[in-house]
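> Dropping a structure here in structure tokens format, bear with me for questions.
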Amino acid sequence: MEPLQELTRRQLDTLQAIGGRETDDRGVPLKLIASALRMSSPSALGHLTPLERLGLVERYRGKSRLTTKGRRTLLEYQRHHRVAETLFGRLGLAPAESCAAAREIDLAISHRTVEEVCRAQDHPAACPHGAPIAPCRTGAGRD
Ligand SMILES: [Zn+2]
Ligand SMILES: [Zn+2]
């Protein structure tokens, strides 16, 4: 199974909370992750621990950082989300609705399906909000 398909929404939120707050030389303390997620530290830890087990996050002196795999997984998530948003946008949904609809499926769909959807849409360069969509691994410009 691909890493994204193993994650719950809350685990993904946790991954994003860390990715958006860590710096080159500093990880994110649990308290800060918890406040970003608006939950208690023990609850946040409950989402953090599976991420460590999957090798997406590592903890050093009480602070969490993304691993290379974690960073790659977040980029893959962005791609899934934005390709799905673009699809819903082209079906006529407003950007906010496209975003909500994309969140219902972006963790569940496989990379392969995302690439099929991306190709069927002629490889869109940006989501409805204007955020860039990275080229398909196997095929920007393939056809
Ligand atoms: Zn969105
Ligand atoms: Zn977007």
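The values are calculated or read from the model by the stated rules, or taken from the named source; none is laboratory data. Since the structure is predicted, the reported quantities are computational estimates derived from the model, not experimental observations. As a convention, Cβ positions derive from the backbone with ideal geometry for all residues, glycine included, and neighbour counts pool all protein chains shown. For the accessible areas, the whole protein counts, side chains as well, though only heavy atoms, and no ligand, DNA or RNA atoms are used. Shrake-Rupley method; radii C 1.70, N 1.55, O 1.52, S 1.80 Å.
> Using amide H atoms built 1.01 Å from N in the peptide plane, name the residues 5+ places from Cys127, or on other chains, whose amide H lies under 5 Å from its own.
So Cys127 has HN proximity to Ile133.
> So what are the ³J(HN,Hα) numbers for the stretch 96-102, from phi and the Karplus equation (6.51, -1.76, 1.60; θ = phi - 60°), rounded to whole Hz, Gly and Pro as x?
These are the phi-based 3J(HN,Hα) values: 5, 5, 4, 5, 4, 5, 4 Hz.
> Calculate what fraction, in whole %, of the accessible area of the chain sits on carbon and sulfur atoms when a 1.4 Å probe is rolled over the protein chains.
53
> So, one more: Might you tell me the accessible area per residue for the stretch 1-49, computed with a 1.4 Å probe and given in Å²?
55
> Please turn the phi angles of the stretch 64-81 into ³J(HN,Hα) values with the Karplus equation 6.51 cos²θ - 1.76 cosθ + 1.60 (θ = phi - 60°), one per residue in order, whole Hz, x for glycine and proline.
Coupling constants for the stretch 64-81: 9, 9, 6, 7, 4, 5, x, 5, 5, 5, 5, 5, 5, 4, 4, 5, 4, 4 Hz.
> Right, something else. Per-residue HN-Hα couplings for the stretch 36-52, Karplus 6.51 cos²θ - 1.76 cosθ + 1.60 at θ = phi - 60°, whole Hz, x for Gly and Pro?
Along the stretch 36-52, the couplings run 4, 8, 6, 8, 6, 4, x, 5, 4, 4, x, 8, 6, 4, x, 5, 5 Hz.
> Quick one: net charge of Ala102's neighbours, Cβ under 10 Å, K/R +1, D/E -1?
-2
> Run the paramagnetic zone check for Asp122: 7 angstrom along Cα to Cβ, then residues of the stretch 75-104 with backbone nitrogen under 20 Å.
Label zone hits: 82-93.
> Next up: In deg cm²/dmol and to the nearest 500, what is the mean residue ellipticity at 222 nm of the chain if only DSSP H runs of at least 4 residues count, each as -39500 (n - 2.57), divided by the residue total?
Taken over the chain, the calculation gives -17000 deg cm²/dmol.
> Same structure again: Under 8 Å for C-alpha pairs, at least 6 residues apart: give me the relative contact order for the chain, rounded to a whole percent.
Taking the mean separation of contacting Cα pairs over the length of the chain, I get 21 percent.
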